[in-house]
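First comes the structure, then the notes that go with it.
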Amino acid sequence: MADHAHDPRLHRRLIDSFYTEAMVLADEARHYFDEGGRVEREALPPMERVAFSCESLKVTTRLMHVIAWLLTQRAIAAGELPPTQALDPARRLGDAPTTDAGMLARFPAQARGLIASSVDLHRRVALLDAAHAREMPVVSPARSMLDRLATAF
C-alpha cells in the first residue's frame, strides 16, 4: 500500500490547488480593492477608510507570501531547487499581518469576506509549511561541508 502522506503526486496536486485558490483570490481582491470596493470605501468614515486601505495591503501581503511559498514548493517538486531550500528562512511562509476584529466588523461584507479568505488561506498554507519543516531532516552545516569536500576530491 502506498504512503499517501508522502506521495509526491498528491503533494503536487495539493500545491497546485492552493496555487489556483491563491491566484483566484488575488484577482478577486485586486478587482475589489482597486475598483469594485471604491464606492464602499468612500462611504466609510475617515478612520475606517484608512483602516480599509491598510486591510487591502494586508490581504495583498498575505496572498503574495502564500504565492511565493507555493512557487518555491513547485520549484522543489520540479527539481529546480533542492528540498533543503524550503527550510531557508527567506523561503518559509512567515507570519501574516493581523487584522483587528473590531475594525473588520465595520467593513462592507465583500471586504470582510476577502479579508477572511486571505487569513484562512494563509493559515492553511502555514500548517503545510510547518508540517514540511517538521518532516525535513536537519542537516548539519559541518556535515554538508564534509560531504562537499568528499565529492570534490
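The values are calculated or read from the model by the stated rules, or taken from the named source; none is laboratory data. Not measured: the values here are computed from a predicted model. Using ideal geometry, Cβ is built from the backbone for each residue, glycine included, and neighbour counts are taken over all protein chains shown.
The table that follows gives values for the structure above.
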item	result
Filtered residues of the stretch 76-100 (kept if in contact with a helix residue (DSSP H, G or I) (Cβ under 8 Å, 6 or more places away or on another chain) and hydrophobic (A, V, I, L, M, F, W, C))	76, 77, 81, 86, 87, 93, 96
Helices (runs of 4 or more DSSP H) (entirely within the stretch 31-121) containing at least 1 residues that are polar (S, T, N, Q)	46-77
Which listed residue is at pLDDT 95 or above and buried (at least 19 other Cβ atoms within 10 Å of the Cβ), from 93, 63	63
Of the criteria (1) hydrophobic (A, V, I, L, M, F, W, C); (2) modelled with pLDDT under 95; (3) surrounded by fewer than 16 Cβ atoms within 10 Å (Cβ to Cβ), which one residue 116 fails	(2)
Those residues of the stretch 96-106 which are surrounded by 14 or more Cβ atoms within 10 Å (Cβ to Cβ) and more than 15 Å from the chain's Cα centre (by Cα), in sequence order	99, 103, 104, 106
